[in-house]
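A short write-up of the structure that comes next.
The values are calculated or read from the model by the stated rules, or taken from the named source; none is laboratory data. Source: prediction; values computed, not measured. Here the Cβ positions follow ideal geometry from the backbone for every residue, glycine too, while neighbour counts run over all protein chains shown.
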């Protein structure tokens, strides 16, 4: 069995050592190939990565990049380079917290053959606020099945570094996906067309949230507005199959942004932290 680990980096010199060490500590009998998808970093990210090549039996494959292509095209090129039975993702400022991370995903996916991909519960590290959180687990099982329709109500994944995909599905990704802004949410909904997603109880990864992040640098109101725009794009992509569900999600976000008749006049008193709490509550997080 072969596993591809896509390592997505761009100016991650301050984080990538911990990221790499968490990859190289993985315990698995499978062959592991690390696909380094660096988007022409201007710091020494790639040099740091190369320092680790001689310390492991994992192989490294560097994508040939001559210019910065941006987040989406970088992912497209990385996915196209995958030839493994399974594909895991690691973004250059995240890390895995257990050496069993990869094998735990593969064991579940081998047992649950109908599942298209898996993702695990993770630690959300709010570095600039010096706090962390982990979503509660209410099931009496150690996994849950999640469908595209459930995801259309809100992003239940939250981070690509906690995801593992079946290689055969990665190798047939629709090229039209990369004409949109996609990340964990849209990829999860797309994979849900081929089978349910496996949500794993075990907390095996950490997601850094800091002011340098593409998403986290936006305030909550801008995030809500952007999600509404994405919903319209994604609804069209799925040929309006999930319009009813998407509309429910969009309506919740619109209430948070603009208020309704019952509290529109108090909108100015709604703080970003209040929006975040209500938004998470609406999603059941």
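At-a-glance table
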| item | result |
| --- | --- |
| Subset tally (residues that are in contact (Cβ under 8 Å) with a residue 12 or more places away in the chain and not in a loop (DSSP other than H, G, I, E, B)) for segment 9-65 | 27 |
| Some residue of segment 66-86 being within 17 Å of the chain's Cα centre (by Cα), assigned to a strand (DSSP E or B) and either free of Cβ contacts under 8 Å to residues at least 60 places away in the same chain or in the same structural domain as residue 200 (by TED's automatic domain parsing) (or both) | yes |
| Test: residue in segment 119-134 that is part of a loop (DSSP other than H, G, I, E, B), touching a residue at least 60 places away in the same chain (Cβ under 8 Å), touching a strand residue (DSSP E or B) at 6+ places or on another chain (Cβ under 9 Å) and crowded, with 19+ Cβ neighbours inside 10 Å | no |
| Tally of residues being within 16 Å of residue 83 (Cβ to Cβ), surrounded by fewer than 21 Cβ atoms within 10 Å (Cβ to Cβ) and touching a strand residue (DSSP E or B) at 6+ places or on another chain (Cβ under 6 Å) across segment 1-31 | 3 |
| Criterion: within 15 Å of the chain's Cα centre (by Cα) and surrounded by 16 or more Cβ atoms within 10 Å (Cβ to Cβ) - qualifying residue of 231, 209, 255 | 209 |
| Subset of segment 150-182 [touching a residue at least 40 places away in the same chain (Cβ under 8 Å), part of a loop (DSSP other than H, G, I, E, B) and out of contact with any strand residue (DSSP E or B) (no Cβ under 8 Å at 6 or more places or on another chain)] | 153, 154, 155, 171, 173, 180, 181, 182 |
| Members of segment 52-65 that are within 22 Å of residue 173 (Cβ to Cβ) and either outside the structural domain of residue 30 (by TED's automatic domain parsing) or touching a strand residue (DSSP E or B) at 6+ places or on another chain (Cβ under 9 Å) (or both) | 61, 62, 63, 65 |
| Criterion violated by residue 193 - all others in (1) modelled with pLDDT of 95 or more; (2) part of a loop (DSSP other than H, G, I, E, B); (3) buried (at least 18 other Cβ atoms within 10 Å of the Cβ) satisfied | (3) |
| From the options 65, 50, residue that is farther than 15 Å from residue 162 by Cβ and surrounded by fewer than 17 Cβ atoms within 10 Å (Cβ to Cβ) | 50 |
| Residue check for residue 138: assigned to a loop (DSSP other than H, G, I, E, B) and in the same structural domain as residue 102 (by TED's automatic domain parsing) | yes |
| The lone exception for residue 107 - which of (1) assigned to a helix (DSSP H, G or I); (2) out of contact with any helix residue (DSSP H, G or I) (no Cβ under 9 Å at 6 or more places or on another chain); (3) within 20 Å of residue 19 (Cα to Cα) it fails | (3) |
| Conditions (1) loosely packed, with under 15 Cβ neighbours inside 10 Å; (2) in a helix (DSSP H, G or I); number of the one not met by residue 113 | (2) |
